[in-house]
Amino acid sequence: MLLCTSSTFFAPSFNAKTSQYLCSYFTKKTHLLSFFKNSPICCNHSYLFSKHIKDSNFIGAHSLFMKKKATFGNSAISATSQSDEKSVGGNVVSKRLKKKVQRDAPEGVLRFKLDMCSKVGNVVEGLRLYDEARRNGVELNQHHYNVMLYLCSQNRGENGSDLKLACKRGFEIFQQMIIDKVPPNEATFTNAARLASVMEDPEMAFDLVKQMKGFGIMPKLRSYGPPLFGFCKKGMVDKAYEVDAHMIESGVVAEEPELSSLLKISADVNNADKMYELLHRLRTSVRQVTESTVGVIEDWFKSEHAAKIGKGDWDVIKVREGVVRGGGGWHGQGWLGHGQWRVVRTQMDKKGVCGSCGERLACIDIDPRETEKFAISLSKLAFGREVKADFIRFQNSRIENDGCSLCDAGQEWLQQHGPFDAVVDGANVSLINQQTFNFSQLNNVVNRLHDMSPSKKFPLVILHKSRVNGGPAQSPCNKKLLERWKNSGALYATPAGSNDDWYWLYAAVSCKCLLVTNDEMRDHLFQLLGTSFFPRWKEKHQVRLSVSRSGVALHMPPPYSIVIQESENGGWHVPTTTGDDLETPRQWLCATRPVKR
């Protein structure tokens, strides 16, 4: 057992059965510090990483790191200082001055320098700064330790000795963080797990992840990467499945890299049931897959084992009922058919007919109730980040117009002017392939959409107030254009300080119409939506544009869903990211075989 008290040093332990929990950190080896499983670090008779502490004399894990140091005399301006704290002379210290003092303090200077090392991956300089800070008595906080753990875990070194040294120092730093009673967070455990992964010890990495919940810390997807990829690399399929199950239990959704690794190891051991499950998980969470994942799937379908599995006879009614329940594109009844798979790379025509097998892909339905829930969640997020009155005014509330929106006072704007057949992200459309804001290009798109509209109605153009009142908008031609859209009830100017994205996205969702923008909606704002419905909604509603010498081309949503699909006859179509642009047709993997009934 490794004991930690104020007067003791960590000593090696070789008792592998003292606890089922993590630890055993360090042994007296000259070339590196080793991490052994099943030997707990004990601090004041309390298991550091144990989940169960029943003895009343034990210190709970939540209070283990609560000791505070007072190395410097400037604690009055520490991060825990209250905003109303007063400086000498009775004047309130401004937030700006406090931040400056914190930056200039030794801890702040060290933080800045370590962040620079992290940015360029300079572990040698980071270790030098760390050692110098400890010699000088600089108090290290959670951020300092996490940066150092990250640097050591990311270092690959030019040779094996550099790698071992980085890992040795990383574990030393982790140990020192424990001794200093600095509270860990998710990044601490994840970086420690990465250190274990560098040492090719996925067992230890997984143990670290499992200990996080004992500290009230929820693992993230990145936390599971080191053990999962480590087990897959070593071919330890049961342990890889265990990590996957733990991930699901924690509510963490695997993405393509994790699913691809699980697919590969499942194919290697000919686990057909797991392959079927994982393909459907890939279908729901990833949709279009990268070339490396397509290669794994392609190799599986070409394998001898894949040719042997599948039902020779099945219930057609049950399969069709499964397709209806799923909205089309899959049935979930397991592998259908017998014999060798025919696997080819192909393309779909404009109607979604496969160029290889002739099957037509499904247009997977979008549940109206799901759309309504999506609109509600979107408005709630907008309320928290926009001036609430401004967004409500745009939405549907009877609030007096202050000139920010181009509508009559007291009217419900969307209810009065909508519904629309299309919504245009005005700024995005006007700046495609342009150095300056181009109203002519925007007008071209608006007119095209007007001509295509079943109701012959103008689309809703969302523009920021500054675009409507200043710059190119001041030219007589553009003023006339804006006035025309305003009089048609097709222009909404978002208020100063607002984010246009909330407005055009909400309008398109609530009107259940097309959205014209080249914005791929992948940034932080859209990640806040946190729903699998969003990619499916984009696929059915987003209109993209390309601009060339011949003019602007509108690329309408396809009449079929670009997602992994399983046909009623047991065939599979997998969309790839190859050719995923406006001009080049997308490639698909088509896997079919003779149907034996």
Quick check: net charge around residue 458, other residues with Cβ under 14 Å of its Cβ, Lys/Arg +1 and Asp/Glu -1? +2
In cubic angstrom per residue, the convex hull of region 160-290 built on its Cα atoms measures 111 Å³
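Please give the contour-minus-distance gain from residue 218 to residue 340: 0.36 nm per residue of separation, less the Cα-Cα distance, rounded to one decimal in nm.
On the way: separation 122, 0.36 × 122 = 43.92 nm, distance 4.46 nm.
Fully extending the segment from residue 218 to residue 340 adds 39.5 nm.
Rank-order 450-460, 95-105 by packing density, defined as the average count of other C-beta atoms within 10 Å over each peptide's residues, highest first. Intermediate values should be presented prior to the final figure.
Details: 450-460: 15.9, 95-105: 13.2.
By packing density, highest mean first, the sequence is 450-460, 95-105.
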Quick one: Debye curve from the C-alpha atoms of region 294-365, no solvent, what's log10 I(q)/I(0) at q = 0.16 Å⁻¹? -0.76
Starting from the Kirkwood Rh over alpha-carbon pairs, what translational D in µm² s⁻¹ does region 119-226 have by Stokes-Einstein at 10 °C and 1.306 mPa s? 113 µm²/s
What is the packing order of peptides 208-217, 271-280, taking the mean over residues of other C-beta atoms within 10 Å and listing the highest first? 208-217, 271-280
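Once you sort the root eigenvalues of the Cα gyration tensor of region 167-239 as a ≥ b ≥ c, which label holds: rounded (a/c under 1.5), prolate (a/b larger than b/c) or oblate (the other case)?
Verdict is oblate for region 167-239.
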Give me the orientation-averaged projected area of the Cα convex hull of region 207-265, in nm², one decimal. 3.6 nm²
Counting only Cα, what are the radius of gyration and maximum Cα-Cα distance Dmax of region 525-579, in Å? 15.0, 45
Binned at 5 Å from 0, what are the whole-percent values of the Cα-Cα distance distribution for region 246-344, short to long? 2, 12, 20, 22, 21, 15, 6, 1
Would you mind putting 166-175, 371-380 in packing order, based on average other-beta-carbon counts within 10 Å, highest first? 166-175, 371-380
What FRET efficiency would be calculated for the residue pair residue 112, residue 185, taking the C-beta separation as r and a Förster radius of 22 Å, to the nearest 0.05? 0.60
So the label point goes 7 Å from the Cα of residue 444 along Cα→C-beta, right? Which residues of region 413-437 then have their backbone N under 20 Å from it? 423-437
Could you tally the net charge around residue 367, taking each other residue with its Cβ under 15 Å from the Cβ of residue 367, Lys/Arg +1 and Asp/Glu -1? +2
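When N is the residue count of region 448-597, what does its C-alpha Rg come to as a fraction of 2.2 N^0.38 Å? It would help to have the intermediate numbers written out before the result.
Working: Rg = 19.8 Å, N = 150, 2.2 N^0.38 = 14.8 Å.
Relative to the rule-of-thumb radius for its length, region 448-597 sits at 1.34.
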Using alpha carbon coordinates only, what is the Rg to Rh ratio of region 480-558, with Rh defined as the Kirkwood radius? 1.00
Stretch gain in nm, segment residue 134-residue 94, where the contour uses 0.36 nm per residue and the Cα spacing is subtracted: 11.3 nm
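Read-outs throughout are calculated quantities, based only on the coordinates presented, and are distinct from any laboratory measurement. What you are looking at is a predicted structure, and each value in this text was computed from that prediction instead of being measured. Cβ sites come from the backbone with ideal geometry, for glycine too, and all protein chains shown count toward neighbours.
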